Amino acid sequence: MEIYYDLHIHSCLSPCGDADMTPNNIVNMALIKGLDVIAITDHNTSKNARVVCKIGKEQGLLVIPGMEVQTKEEVHVLCYFEEISDLEAFDSALEPYRLKIPNRPDHFGRQQIVNHEDQCVGEYPYALIASIEVSIEQLIELCKAHGGVCVPAHVNKSSNSILANLGFMPQALKVRTIEIHPKSPINETLIKGYQKIYNSDAHYLEHISERANKLEIDEKTISKILNYLSGEE
Ligand SMILES: [Zn+2]
Ligand SMILES: [Zn+2]
């Protein structure tokens, strides 16, 4: 079956995410757009993921719990999990590697933790724009150890990407799928052999993908989607 997706969406917890990127707004917009599955992928934290997953379940939208981690190479990697508890365990495992630099909301943006009614119930205190002190290899291992799948984000973008920061895709990296940024130039020879996905990286509601990008899988479950992304079909 065809599953229309957008697997890279930020909430109002990401400092660069718009205040309107609340759980209910995200889920409702994804449904209006006609998507079958989304992933919630805030920078370096999972604190809003549980509520988005819950609202998705109530509204009939599949929501993959995820995170966009910035490694110590300043490379962005999307990490996806089957269960919210797996993501939260992974989040805790990252704790020793976090640089606890206080956020400056006026400078970097607010980092709002919200509840089921989209009300702000707290602010994440440390700057989420800072890297987490793990290497890409370490991150992939840690994600896998928690049952997750890594997808290097926007690999062809000119910043915070594997190709921009390392110059090539290291063959030793155990990834099957990479995310392509549709508006950046692509050097096809550098990404040969990888499976590719295309997401919005939305920080504003209106940027959430249209019903445009699809996966071909036999069952609409997170488990099947993760198997597809990891290549373990
Ligand atoms: Zn990114
Ligand atoms: Zn992003």
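No value in this document is a laboratory result; all are computed from the given coordinates. This one's a predicted model, so the numbers in the text were calculated from it and none came from an experiment. Heads up, the Cβs are rebuilt from the backbone with ideal geometry, glycines too, and the neighbour counts pull from every protein chain shown.
Miscellaneous remarks
- If the condition is being more than 14 Å from ligand 2 (Cβ to nearest atom), farther than 16 Å from Ile225 by Cα and either of a type in the set (S, T, N, Q) or buried (at least 22 other Cβ atoms within 10 Å of the Cβ) (or both), then the range 57-70 contributes only Gln59.
- The condition of being more than 17 Å from Leu62 (Cα to Cα) and either surrounded by fewer than 14 Cβ atoms within 10 Å (Cβ to Cβ) or over 17 Å from the mean Cα position of the chain (by Cα) (or both) holds for only one of Lys192, Lys224, Lys220, that being Lys192.
- Filtered residue count, the range 83-115, keeping only those that are crowded, with 17+ Cβ neighbours inside 10 Å and of a type in the set (Lys, Arg): 1
- Close contacts from the range 42-70, counting a first residue that is closer than 14 Å to Glu82 by Cα and assigned to a strand (DSSP E or B) and a second that is of a type outside the set (A, V, I, L, M, F, W, C) and more than 16 Å from ligand 2 (Cβ to nearest atom), with Cβ to Cβ under 6 Å and a gap of 6+ residues or different chains, come to Val63/Gly56.
- For the range 71-86, taking the residues that are outside any loop (DSSP other than H, G, I, E, B) and either closer than 26 Å to Gly167 by Cβ or within 16 Å of ligand 2 (Cβ to nearest atom) (or both), the one that is nearest to the chain's Cα centre (by Cα) is identified as Leu78.
- Qualifying strands (runs of 3 or more DSSP E) (wholly inside the range 116-233; at least 2 residues being more than 16 Å from ligand 2 (Cβ to nearest atom)): 120-123, 195-197, 214-216
- Odd one out for Thr45, checked against (1) crowded, with 24+ Cβ neighbours inside 10 Å; (2) under 18 Å from Cys120 (Cα atoms): (1)
- Asp118 falls short on exactly one of the conditions (1) surrounded by 16 or more Cβ atoms within 10 Å (Cβ to Cβ); (2) under 19 Å from the mean Cα position of the chain (by Cα), and that condition is (2).
- When residues of the range 1-16 are limited to those that are more than 13 Å from the chain's Cα centre (by Cα) and not hydroxyl-bearing (Ser, Thr, Tyr), the one nearest to ligand 2 (Cβ to nearest atom): Cys16
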